[in-house]
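A.B. asks: Take this structure, written in structure tokens, and hold onto it; I'll ask about it next.
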Amino acid sequence: MSPWRWAAVRRTVRRRRGPGVLPSAPGTVRTAPHGATPQQRPEYALLCPHRYTADLLISRGIPDRCGVIVVSDIQRVPADVPVIVLHDADTEGCLLAGRTREALPGRLVVDAGLSPRTVMKAVGVKAVPRAEPPSAGVLRLLRDGGTLTEPELDWLARGDRFPLAAMPPAKLPAAVTRVVGRITVEVERERKRRDEAVGFLTWPGTNGAAP
């Protein structure tokens, strides 16, 4: 990422939240502006391992607007809440959602990160200078995940990548807001299915009616 863009992100954070409020505890990111009271019960956990990106989302009011807690480590995800995963378009990012599902079995985990196909299709967007190409073992894990196309795998195999932090600051909060809206619909459907299953088991009888 270019130095001028990093500087712009820092200025945005400091202007909106004041000096000295960047998160310092490992794995934890503030969920409310400095001096405000964080929400007690988030509806979702937003897992974002990149602190500058996470802090930008917080400075734009995403925690309060979307009912999320922002964390940078899987171990910090609260119990019993769906997880939204944000990540770069790179090998580590493309593996993060799968690793989160393995670490939190039974949890709804939504991959909302940048995919290689998104970067490849975007007009005027190019991959940043290539990183070290991934090992054969990492490529095998990516292929076994079953979510990437052959062109995407080739793109990653070359070492191409694109960081979330390189997105225009206005686009990322808007994208996260849209994702949370879609997740809310999915969560409500799942809760309804569970409620119907409990009702059927509680009142056995024809068509699930009480005897």
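All of the numbers you see were taken from the coordinates with simple rules; none came from a lab. These numbers come from a predicted model, not from an experiment. Note: ideal-geometry Cβ built from the backbone for every residue, glycine included; neighbour counts use all protein chains shown.
A.B. asks: For residues that are in a loop (DSSP other than H, G, I, E, B), more than 19 Å from Thr184 (Cα to Cα) and touching a Gly at 6+ places or on another chain (Cβ under 9 Å), tally how many sit in the range 97-114.
C.D. replies: The total comes to 1.
A.B. asks: What pairs can you find where one residue is in the range 173-195 and surrounded by fewer than 10 Cβ atoms within 10 Å (Cβ to Cβ), the other is outside any helix (DSSP H, G or I) and among the small types (Gly, Ala, Ser), and their Cβ atoms are less than 8 Å apart, with a gap of 6+ or different chains?
C.D. replies: Pairs found: none.
A.B. asks: Which ones in the range 146-187 are in a loop (DSSP other than H, G, I, E, B) and within 14 Å of the chain's Cα centre (by Cα)?
C.D. replies: Listed by number, the list holds a single entry, Pro163.
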